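Colleague: Just dropping this structure here.
The values are calculated or read from the model by the stated rules, or taken from the named source; none is laboratory data. Every value quoted in this text rests on a predicted model; they were computed, and no experiment measured them. Heads up, the Cβs are rebuilt from the backbone with ideal geometry, glycines too, and the neighbour counts pull from every protein chain shown.
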Amino acid sequence: MVYEIDVDICVGCGACAASCPISAIKQKEDKYIINLDTCKGCGVCESTCPVNAISEN
């Protein structure tokens, strides 16, 4: 599974990055992005995002 953060919805809170067990999410300016080469598709970040900015693609 591949997850993506919608930067138009992301509020930059960092909850996703803090919850990622392999540190595949990094801050870019005031938003967060998922490194698709590192992400293993566990989905923890999706369930942690308070504004539902993360979805499976």
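Colleague: Here's a check for you: in segment 44-57, which residue that is assigned to a loop (DSSP other than H, G, I, E, B) and at pLDDT 95 or above is farthest from Gly12 (Cα to Cα)?
Modeller: Result: Asn52.
Colleague: Filter segment 1-34 for residues that are among the hydrophobic types (A, V, I, L, M, F, W, C) and in a helix (DSSP H, G or I) and give the result.
Modeller: Within segment 1-34, Ala15, Cys16, Ala17, Ala18 meet the criteria.
Colleague: Can we say Pro50 is loosely packed, with under 13 Cβ neighbours inside 10 Å, touching a Cys at 6+ places or on another chain (Cβ under 9 Å) and in contact (Cβ under 8 Å) with a residue 24 or more places away in the chain?
Modeller: yes
Colleague: Could you check, for segment 35-43, whether at least one of its residues is of a type outside the set (Gly, Ala, Ser) and not in a loop (DSSP other than H, G, I, E, B)?
Modeller: no
Colleague: Moving to a separate point now. If you scan segment 1-42, which residues turn out to be touching a residue at least 40 places away in the same chain (Cβ under 8 Å), surrounded by 17 or more Cβ atoms within 10 Å (Cβ to Cβ) and over 9 Å from Ala53 (Cβ atoms)?
Modeller: Residue satisfying the conditions is Tyr3 alone.
Colleague: The conditions are (1) surrounded by 15 or more Cβ atoms within 10 Å (Cβ to Cβ); (2) small (Gly, Ala, Ser); (3) in contact with a strand residue (DSSP E or B) (Cβ under 8 Å, 6 or more places away or on another chain), and Ser55 fails exactly one of them. Which is it?
Modeller: Answer for Ser55: the failing condition is (1).
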